[in-house]
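The values are calculated or read from the model by the stated rules, or taken from the named source; none is laboratory data. None of these values were measured; they are calculated from a predicted model. All Cβ positions, even for glycine, are placed from backbone atoms using ideal geometry, and neighbour counts span all protein chains on display. Just the protein is used for accessible areas: all its heavy atoms, side chains included, with ligands, DNA and RNA removed. Shrake-Rupley method; radii C 1.70, N 1.55, O 1.52, S 1.80 Å.
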Amino acid sequence: MQGIDFKPDETFRDDFTFRNSDAAILRFPFPFAEDRYMYSVNIEPHLRGGPTAAYDAVFDIDEHYVAECRDRALTLAADPKRCQVLPHMMAAEWDTLELMMESLSTDYPNLFAFTRNGDDCIWINRPLGIAQHFTFGKPETLPYAPFEYITRQGQGDFSMQDQRDDDLWLDGGMITSQADWSLDFNIGMPFKTWHGPVPKAHEMGVFDRALKFLLHLQLGRPVRRLNWTMTINPRLDTSPDNYPHWGPDRLSVTPENVAQKVYLRVELQTLFRLPRSNAILFGIRCYLISLEEIGRVEKWRKRLHRVLRDLDPALVDYKGMTRFRPMAVEWLSQFDDGAALPSGTAPDQAAL
């Protein structure tokens, strides 16, 4: 876990130099345990360990960490509203900072260190070259507010849900790598309104069950689930706010370049009850892998072919795959002999 070979100069925009190493391919959190897909709550305890190494830490850090933090800084410089927290969430901000610093320093002691003597704290982030002395509870001792400070140093997005009136309210977030939703539009919304556009799931009662479960989420017992979509190019920022930059990408896919242009985009979503505020921290860790890279893992390339081929048309439209899905299915079909696959998401033992 400690010997991470960071790729600080790779890019998620413009020339798109992002690539996954062999190790990154094999640790990818592939989301399909069966040959068909439909929405479900699919929540499990967030314990260390799982089908791949992406599950081995509380907050996963991989070879793309430095480059992703740099990409986040670019997005925030262009649009500071990608990080917003409502004023009543300050206790949750400090909860988040403490949770992330303690977790990262425990899971990656060669990369991060957090020492605390009462309220006197020192935070060391070696990959980003940060050494920060601050006083816990005093935001003026940090260069940014506590939530923004620590989430600038995390991979993926983070939101905070305040619990009141038997509901969860989206009252804060650092959202720079989202799959086509806007923090500026959604902030302050209750749980079901925030998830309103998702087809099928409401009729199936998925969000009713999820909300009931999360309202009873316990301190010290975090949970996780996977979500997925597909995107063109390894672009982190696919927000509605930035649509003019990424929307036209869908027109660039051809049968000749589909394997290089189309990416499976998976979110490892983690949820934590916070101790002082009783809020919930929602981590949305984004992973990207091209069809070409998936094509190197026999089990994954066959299963993805079957999932995409048989996907409900309403989900195809919602996930924005209508134009390029046939090309993706056709490319993947060359690898699928129809043989039965074992359930589960771990890659083949002989992969790569």
Please verify whether R265 is under 21 Å from the mean Cα position of the chain (by Cα), open to solvent by 50 Å² or more (accessible area, probe 1.4 Å) and modelled with pLDDT of 95 or more, treating the condition exactly as stated. no
Take the stretch 1-41 and flag every residue that is small (G, A, S), loosely packed, with under 14 Cβ neighbours inside 10 Å and either in contact with a Leu (Cβ under 9 Å, 6 or more places away or on another chain) or within 30 Å of P313 (Cα to Cα) (or both). S40
Return only the number of the condition from (1) within 20 Å of the chain's Cα centre (by Cα); (2) more than 26 Å from D79 (Cα to Cα); (3) of a type in the set (V, I, T) that V258 does not satisfy. (1)
Where Y149 falls short, out of the listed (1) outside any helix (DSSP H, G or I); (2) closer than 25 Å to G173 by Cβ; (3) not acidic (D, E): (1)
Hits in the stretch 273-294 (condition: open to solvent by 10 Å² or more (accessible area, probe 1.4 Å), outside any helix (DSSP H, G or I) and either free of Cβ contacts under 8 Å to residues at least 24 places away in the same chain or farther than 19 Å from D180 by Cα (or both)): R273, P275, R276, S277, N278
Candidates A92, A73 - the one that is touching a Lys or Arg at 6+ places or on another chain (Cβ under 9 Å) and within 16 Å of I280 (Cβ to Cβ): A92
Would you please list the contacts, defined by Cβ atoms under 9 Å and residues six or more apart or on different chains, that run from a residue in the stretch 40-56 that is over 17 Å from V297 (Cβ atoms) and modelled with pLDDT under 95 to a residue that is open to solvent by 60 Å² or more (accessible area, probe 1.4 Å) and of a type in the set (F, W, Y)? V41/F213; I43/F213
Just to verify a result, which residue in the stretch 313-338, among those that are part of a loop (DSSP other than H, G, I, E, B) and open to solvent by less than 40 Å² (accessible area, probe 1.4 Å), is nearest to S40 (Cα to Cα)? K319
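Rundown of residues vs (1) in a helix (DSSP H, G or I); (2) touching a residue at least 60 places away in the same chain (Cβ under 8 Å), yes/no style:
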residue	(1), (2)
W228	no, yes
D241	yes, yes
D249	yes, no
E256	no, no
Q260	yes, no
T270	no, yes
Restricting the stretch 126-185 to residues that are at pLDDT below 95 and among the polar types (S, T, N, Q), which is surrounded by the fewest Cβ atoms within 10 Å (Cβ to Cβ)? S182
